[in-house]
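One structure, as C-alpha cells, below. Some questions next.
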C-alpha cells in the first residue's frame, strides 16, 4: 500500500487578518460548529450580517432561513459550509460544538483582538442610551457584550483592560451575563473596534452608535453653554 499524501488543506485561509478575526468574533457569538466535525453554521436576524460573513470568508454558499425556537417563524437567516481544516482551526482557538456555556479563553492574537471584538459586538453585543433624570437629565449610554459563559466574559474583560486600560463591569442576568461599558469607556472601546473606515460591520449598529454619540455631543455642548450663561449672564 502506497504512502498517504499530505492532509488536504481547506478552502478558507486561516492566516490571521482583520476580516478573519471579525469572522471568528461572529462565530463565537452567533456561530455553530456541527457535531460532524466538518460544518460551520452562522445564523443572524440580519441578512446583511450573514452576507458580510460570506464576503469576508469568500464563500458563495446559499443563505437560507431558520425557524426561531421562540416564535416558530422563520425569523433567522443562516449560511452553512463544510471545511474540515477551518473547523479544526476554530477548535484550536478554543471553540467547540457545545460552546454556549463552556466557552472560555480564546487564542486571539492581540494585534487582531479588537477586530474580533467587533465581531462579538455585531453578534451578541448591544449599544443603548437613555436620559437619566437623577443627574439633571444626563444622557447615558452603554456598550455591552452578552454570553451564557461567565469565564468567557471574564476573559473578554481582562483582555480589553489589558489592551486599552478600559475597566468594565459584569452583570448577572436570568440566563446570561453582560459585560458593560458606560459613556467615556464605551466611546473609547468603539473607536478601538472601528479603528479604520469601511471595516466589516453591521451597518445598523454602527449607525445607531454614531447617532448616540452625536446626541451626546450636542447635549454636552448645550449644557456647557447653559452653564456659561448662568455663570456670566
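Treat the count of other C-beta atoms within 10 Å as a stand-in for reagent exposure and order 93, 20 from fewest to most. Intermediate values should be presented prior to the final figure.
On the way: 93 15, 20 21.
The most exposed by this proxy come first: 93, 20.
Hey, what angle do you get for helix 18-30 against the long axis of the chain, alpha-carbon based, 0 to 90 degrees rounded to 10?
The two axes meet at around 90 degrees.
Also, I was wondering about something else. Using the per-residue mean of other Cβ atoms lying within 10 Å as a proxy for protection, in what order, highest first, do the peptides 44-56, 116-128 fall? Provide the component values of the computation, followed by the final result.
Numbers: 44-56: 18.2, 116-128: 22.7.
Sorting 44-56, 116-128 by mean packing, highest first, produces 116-128, 44-56.
Subtracting the Cα-Cα distance from 0.36 nm times the residue separation, let me have the gained length for residue 158 to residue 92 in nm, one decimal. Provide the component values of the computation, followed by the final result.
Working: separation 66, 0.36 × 66 = 23.76 nm, distance 2.07 nm.
Full extension of this stretch gives 21.7 nm more.
Compute the long axis of helix 203-232 from its Cα atoms, compare it with the longest principal axis of the Cα atoms of the chain, and write down the angle in degrees, 0 to 90, nearest 10.
Result, in degrees: 20.
Run the numbers for residue 174 and residue 208: contour at 0.36 nm per residue of separation, minus the present Cα-Cα distance, in nm. If you can, show how the numbers build up before the last one.
On the way: separation 34, 0.36 × 34 = 12.24 nm, distance 2.63 nm.
Extra length from residue 174 to residue 208 when fully extended: 9.6 nm.
A follow-up question, please. Figure the gain on full extension for residue 39 and residue 111 (residue separation times 0.36 nm, minus the Cα-Cα span) and round it to one decimal in nm.
Contour length minus Cα-Cα distance gives 23.2 nm.
Given a Förster radius of 25 Å and the C-beta distance between residue 13 and residue 46 as r, what FRET efficiency does 1/(1 + (r/R0)^6) yield to the nearest 0.05?
Between residue 13 and residue 46 the formula returns 0.50.
Tell me what the chain gives for mean residue ellipticity at 222 nm when only DSSP H runs of n ≥ 4 count, each as -39,500 (n - 2.57), the sum divided by the residue total, rounded to 500 deg cm²/dmol. Could you put the intermediate results ahead of the total?
Numbers: 7 runs with 102 residues, N = 233.
Theoretical 222 nm ellipticity from helices: -14000 deg cm²/dmol.
If you don't mind, there's one more thing I want to ask. On a 0 to 90° scale, report how tilted helix 183-193 is relative to the longest principal axis of the chain, with both axes built from alpha carbons and the result rounded to the nearest 10.
For 183-193 against the chain, the angle is about 30 degrees.
Moving on. Based on the mean of other Cβ atoms within 10 Å per residue, sort peptides 194-204, 180-190 so the most packed one is first. Don't skip to the answer; put the middle values down first.
Working: 194-204: 13.4, 180-190: 17.6.
Packing proxy ranking, top to bottom: 180-190, 194-204.
In whole Å, how far is the Cα centre of region 58-131 from that of region 163-204?
Rounded to whole Å, the Cα centres lie 17 Å apart.
Follow-up question, since we're still on this one. Quick one: Cα convex hull volume of the chain, Å³ per residue? Intermediate values should be presented prior to the final figure.
Details: hull volume 37.3 nm³, N = 233.
Value for the chain: 160 Å³ per residue.
Taken together, the values in this text are just the output of simple stated rules run on the coordinates, not laboratory data. Here the structure is a predicted model, which means the values were calculated and not measured. A quick note on method: Cβ atoms are made from the backbone with ideal geometry, for glycine too, and the neighbour counts reach across all protein chains shown.
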